[in-house]
Amino acid sequence: MESTSPLFALRNVTKVFPGVRALDDVRLELYPGQVTALVGENGAGKSTLVKTMTGIYQPESGEIWYDGQQVTIRNPEDARQMGITAIHQETVLFDDMTVAENIFAGSYLTRGRFGNLDWKAMNRRAQEILHDIEAPLSPTAMLSGLSIGQKHMVAIARALSVDARVVILDEPTAALSHHEIHELYELVRRLKARGTAIMFITHKFDEIFAIADRYTVFRDGAFVGDGRIEDVTEPELVEMMVARSLNETYPKVEAPLGEEVFRAEGFSHPTEFADISFAVRKGEILGFYGLVGAGRTEIMRALIGLSEQARGEIYIEGQRVSVRSPADAVQAGLVYVPEERQQQGVMLDMPIYQNISLPQLHRTSRAGFLSTRNELAVARQYGERLNVKTSSWSELVNNLSGGNQQKVVIAKWLATHPRVIIMDEPTKGIDIGSKAAVHAFMSELVQQGLAVIMVSSELPEIMGMADRMIVMNEGRQVREFTRDEATAEAIVSAATGVRA
Amino acid sequence: MNSIVEFLKRREVLLGIVVLCMIAIIGSINPNFLQIRNLISVYNDTSILIILALGQMLVILTRCIDLSVAANLALTGMVVGLLNAAFPGFPVEGLIVLAVLMGACLGAINGAFVWLLGVPAIVVTLGTMSIYRGSIFLLSGGDWVNAHQMSPAFLAIPRQLFLGVPVLSWMSLIVIALMVYITRFRPFGRQFFAAGGNPRAAFYTGINVGFVQFRAFVISGALAGLCGYLWVSRYAVAYTEVANGFELQVVAACVIGGISIMGGVGTVAGAFLGALFLGIISNSLSIIGVSQFWQMAISGAVIIIAVIANSRSEKKPGRIILREAVAADAIDESARGDTRPATGQ
């Protein structure tokens, strides 16, 4: 069926990080003049793939073929010179430079015998490229003054400033308005007409069918399937994305549901989320599912008083409480186990016992003096309860595995006797054994009458642990499922905005 | 109108106005200050600070700091001083080249630690600062090299007048011109800004950030070496404590001049004016009877004010997730973007 051979291909490529096979024997083919949509859940290996294609990561094994030859891409500069360019999810540009300099950084235009920078030529050429893509930007404007959408335009102009033959668009529309998205499509069509091979990474199904010629599906770092877009339907794609051996078992224990312990009403933020209202009962695990960037973490931060612009009301056991800071939240019995464990959860260079006693030093100290003995007692009590594996409670947290660090964070908050515990991606980046331990402990907590709010991007985790789940899409709660109603397809469809 | 306001808001312009006001005030109290000869003399006294501040600027642009500049200056100064005393016949031009090369090597040691071993610059240069300073004592045995031991040519060069201005001042002017050229017209000059402004983006762009930092240290070191000769020749003495603590003045000049300690932001004009500002304070306030301790207090206050002025508004807007917000933002921004005056290059 194919009229041409692929311009760019990966064969049997594997990339391993400690503890994870980020890419496991994958293949990929990109054809000139065609758009290939790369589809997969969070953690399917898409970002790793992009970094491997642009020389940021080196694969452990496998072959990269480009233009009929096997090649090695040693670094980003290599990739750029070969004509492989990526527009990354987070724009990697220079805020304190002009639009023109951002476009030409790394391959400046020069003139004369001495190779002096030719700003006039760069500004002129930048103007031409910007005009080409119909981006109404001045080449001499500073980047820091531009919106995210405009920065994307600059990134695209940058990709076009070199003779790009392979263009990777990593979720380029995530931050664009409708109008900008249409401009982007137009741009992609023009690139296609030039014979550029395009890889388009997106979570949005309407986009795949609007723009792609081919699709490739990844799941858990492995290749699942590919083909022509005419030969596939939305439900089939969803199934390829999520179908997994559901033989992972979760230590879910049904706990008796008590009365409502926490209620959030009318939470809104000018740009991040709107109309968020929900309640949790004693003994309940409430799951929040959505794609990365759907606004889940932003909501959780607002609940514990970390967002100045957010508005909304919180009721604990029916009583209205004012939460303006995490200290207020802890006081009200609402604690947050953050996603960014090492940055926000633990003090890496402090011993375990000091980490655990930190939120309640006033309680462990005697007559205003710190009491190591009391701190150690608290640490032992809760550390043992969570089964933190360590030779000593005086061990630095830095020396623990990710899973045990997470247990330290949970122990710390548990020691404050909370009523509601929010866990944001509680098992992100931790080994399977610790994962199971965290899950088992969650079940234990709700049995003791706590309420758990769990944010997760892992479908099996949500489906395995939550009693009820709220699905988020672009800052709004779009569907709610009970445990019995939920199916993988229905949840993913809601989260990706597929029309039912 | 709008562009005039934008122009006045620029750090360098503001600082330039402050410097002019200072000159005017000092001049109104003591008119002698405004004599051309005196102004040249004040500038001449500030030349070494200016040269060092420009080298430091490159280092700070790459998110590093070089605390060893003053010790580097003192060590190279001692070496050329000792050589001149031992071999009075050796041409002074050769000694100047030697000073620059030696300074560059000392800077390269700093840079290599930062680049190849990833040691934080403040730690490396704090260490080499002591090592270089200690080496002076080892070389000289604690002795001074005095004016009578130096050859007339060695002492004469910085003092020679060219168009009525001492060579020392001309040297700083040449360094200023070179720095303007490098930071505006050389690709490698722009890399200092890229590496410090956004190291990750620089890496994605194919820039070796560590190597850029290394080069900044080499240039800073080379300029410190040049100043080593200039200092010893101008003050006609070399000893262990030469320019002790001067690195703080150099860093202060950069901070006052708006070189962001976070890297990536700064101009030659800023570093130059920052150094000039400190030079005027330390060389001129005494002639209108302001005590030295007030001078220190004024310098300190200005540094803090400069840092406050530098820190951008911390309040970050949230992520833009909601569809309406995304659309509104785009309309808003494009409306603003179209009326934005052209700035930059």
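Tabulated data
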{"read-out": "Accessible surface of the range A:247-368 [probe 1.4 Å, protein heavy atoms]: carbon and sulfur percent", "value": "47"}
{"read-out": "Which of B:G225, A:T297, A:G497, positive extreme of dipole for the protein assembly as shown (C-beta unit charges)", "value": "B:G225"}
{"read-out": "Accessible area per residue in Å² at 1.4 Å probe, computed on the protein assembly as shown", "value": "43"}
{"read-out": "Positive-end residue, the range B:36-314 charge dipole about Cα centroid, Cβ charges, pick of B:A269, B:W144, B:Q292", "value": "B:A269"}
{"read-out": "Amide proton proximity set for A:M199, modelled H, under 5 Å, gap of 5+", "value": "A:T36, A:V167, A:I168, A:L169"}
{"read-out": "Shielded residues, the range A:261-282 - accessible-area loss of 30 Å² or more between chain alone and all protein chains, probe 1.4 Å", "value": "A:T271, A:E272"}
{"read-out": "FRET efficiency for A:A436 and A:D163, using Cβ-Cβ distance with R0 set to 41 Å, rounded to 0.05", "value": "0.20"}
{"read-out": "Rg/Rg_globular for the range B:239-284, with Rg_globular taken as 2.2 N^0.38 Å and Rg from C-alpha atoms", "value": "1.26"}
{"read-out": "Alpha-carbon centroid distance for the pair the range A:23-98 / the range B:263-290, whole angstrom", "value": "49"}
{"read-out": "Phi to ³J(HN,Hα) by Karplus 6.51 cos²θ - 1.76 cosθ + 1.60 over the range B:104-114, Hz, x for Gly, Pro", "value": "4, 5, 4, x, 5, 4, 4, x, 5, 4, 5"}
{"read-out": "Radius ratio Rg over Rh of the range B:58-198, counting only Cα atoms, Kirkwood formula for Rh", "value": "1.02"}
{"read-out": "Loss of accessible area when B meets A, both sides summed, Å² nearest 100, probe 1.4 Å", "value": "4000"}
{"read-out": "Table column - 3J(HN,Hα) (Hz), the range A:223-239, Karplus curve with 6.51, -1.76, 1.60, x for Gly and Pro", "value": "6, 10, x, 8, x, 8, 5, 5, 8, 9, 10, 4, x, 5, 5, 4, 5"}
{"read-out": "Semi-axis lengths (Å, descending) of the ellipsoid that matches the C-alpha gyration tensor of the range A:186-253", "value": "31, 12, 11"}
{"read-out": "Theoretical ellipticity at 222 nm over the protein assembly as shown - DSSP helices of four or more residues, -39500 (n - 2.57) apiece, nearest 500", "value": "-15500 deg cm²/dmol"}
{"read-out": "Tail fraction, Cα-Cα pairs, the range A:344-425, threshold 20 Å, whole percent", "value": "26"}
{"read-out": "Kirkwood Rh in Å, taken over the range B:122-175 so that all alpha-carbon pairs contribute", "value": "14.2"}
{"read-out": "Size descriptor, Kirkwood hydrodynamic radius, that averages inverse alpha-carbon separations across the range A:8-242, Å", "value": "18.4"}
{"read-out": "Computed lengthening from A:S5 to A:L361, 0.36 nm per intervening residue step minus Cα-Cα distance", "value": "121.5 nm"}
{"read-out": "Largest to smallest accessible area among A:K120, A:K51 [probe 1.4 Å]", "value": "A:K120, A:K51"}
{"read-out": "³J(HN,Hα) computed for each position of the range B:274-279 - Karplus, 6.51 cos²θ - 1.76 cosθ + 1.60, integer Hz, glycine/proline x", "value": "x, 5, 4, 4, 5, x"}
{"read-out": "Cα-centre dipole for chain A with unit charges at Cβ (Lys and Arg positive, Asp and Glu negative), debye to 20", "value": "1260"}
{"read-out": "Nearest 10 degrees, 0 to 90: helix A:148-161 Cα axis against chain A principal axis", "value": "40"}
{"read-out": "Cα→Cβ-extended label distance, 7 Å offset, between A:E340 and A:E308, nm", "value": "1.7"}
{"read-out": "Tail fraction, Cα-Cα pairs, the range B:208-304, threshold 19 Å, whole percent", "value": "54"}
{"read-out": "Spherically averaged projected area in nm², based on the convex hull that wraps the Cα atoms of the protein assembly as shown", "value": "43.0"}
{"read-out": "Extension gain (nm, one decimal) between A:S322 and A:K120, 0.36 nm per residue minus Cα-Cα", "value": "67.0 nm"}
{"read-out": "Spatial extent of the range B:1-124: Rg and Dmax, with the Cα atoms as the point set, Å", "value": "20.3, 64"}
{"read-out": "Cut-off 10 Å between beta-carbons: net charge of the residues surrounding A:D424, Lys and Arg +1, Asp and Glu -1", "value": "+1"}
{"read-out": "Antiparallel DSSP beta bridges within the range A:260-496, as percent of all bridges there, nearest 5", "value": "55"}
{"read-out": "FRET efficiency, 1/(1 + (r/R0)^6) with R0 22 Å, evaluated for A:L257 and A:Y315 via beta carbons", "value": "0.80"}
{"read-out": "Compactness relative to 2.2 N^0.38 Å, alpha carbon Rg of chain A", "value": "1.08"}
{"read-out": "Within chain B, longest stretch clear of exposed trypsin sites (Lys or Arg not before Pro) (DSSP loop, no more than 11 other Cβ within 10 Å)", "value": "B:1-311"}
{"read-out": "Portion, in percent, of the accessible area of chain B that falls on carbon or sulfur, probe 1.4 Å", "value": "70"}
{"read-out": "Rounded Å value of the spacing that divides the Cα centres of the range B:231-261 and the range A:369-441", "value": "51"}
{"read-out": "Projected label distance in nm at B:N208 and B:A112, using a 7 Å step from Cα toward the beta-carbon", "value": "1.5"}
{"read-out": "Beta bridges per DSSP with both ends in the protein assembly as shown, % antiparallel, nearest 5", "value": "60"}
{"read-out": "Residues whose placed amide H lies under 5 Å from that of A:F262, excluding near-sequence neighbours", "value": "A:V280, A:E317"}
{"read-out": "Dipole in debye (nearest 20) - chain B, about Cα centre, beta carbon charges: Lys, Arg +1; Asp, Glu -1", "value": "520"}
{"read-out": "Bins of 10 Å from zero: percent of alpha-carbon pairs in the range A:260-496", "value": "8, 32, 36, 19, 4, 0"}
{"read-out": "Largest to smallest accessible area among A:R113, A:R165, A:R189 [probe 1.4 Å]", "value": "A:R113, A:R189, A:R165"}
{"read-out": "Computed over the range A:404-500, the ratio Rg/Rh where both radii use C-alpha atoms and Rh is Kirkwood", "value": "0.99"}
{"read-out": "Convex hull (Cα only) mean projected area of chain B, reported in nm² to one decimal", "value": "21.0"}
{"read-out": "Rounded to the nearest 20 debye, dipole of the protein assembly as shown from Cβ charges on Lys, Arg, Asp, Glu", "value": "2460"}
{"read-out": "Within chain B, longest stretch free of exposed GluC sites (Glu not before Pro) [DSSP loop, at most 16 other beta carbons within 10 Å]", "value": "B:1-240"}
{"read-out": "Selection from A:Q360, A:V217, A:Y185, by position along the positive dipole direction of the protein assembly as shown (Cβ)", "value": "A:Q360"}
{"read-out": "Solvent accessible area, Å² - A:D484, 1.4 Å probe, full protein context", "value": "140"}
{"read-out": "For A:G45, residues with placed amide H under 5 Å, excluding near neighbours", "value": "A:G221"}
{"read-out": "Simple spin-label estimate for B:S41 and A:T249 in nanometres, 7 Å along Cα-Cβ", "value": "9.3"}
{"read-out": "Cα-derived Rg to Rh of the range A:325-462, Kirkwood definition", "value": "0.95"}
{"read-out": "As computed over the range B:143-233, the Cα convex hull volume per residue (Å³)", "value": "117"}
{"read-out": "Cα-Cα P(r), the range A:86-157, percent of pairs per 10 Å interval", "value": "22, 53, 21, 4"}
{"read-out": "Calculated FRET efficiency for the pair B:Y235/B:I174, C-beta based, R₀ 25 Å, to 0.05", "value": "0.75"}
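The values are calculated or read from the model by the stated rules, or taken from the named source; none is laboratory data. Computed from a predicted model, the values in this text were never measured in an experiment. Virtual Cβ from ideal backbone geometry, glycine too; neighbours counted across all protein chains shown. Remember, those area values only see protein heavy atoms, side chains included, never the ligands or the DNA or RNA. Shrake-Rupley method; radii C 1.70, N 1.55, O 1.52, S 1.80 Å.
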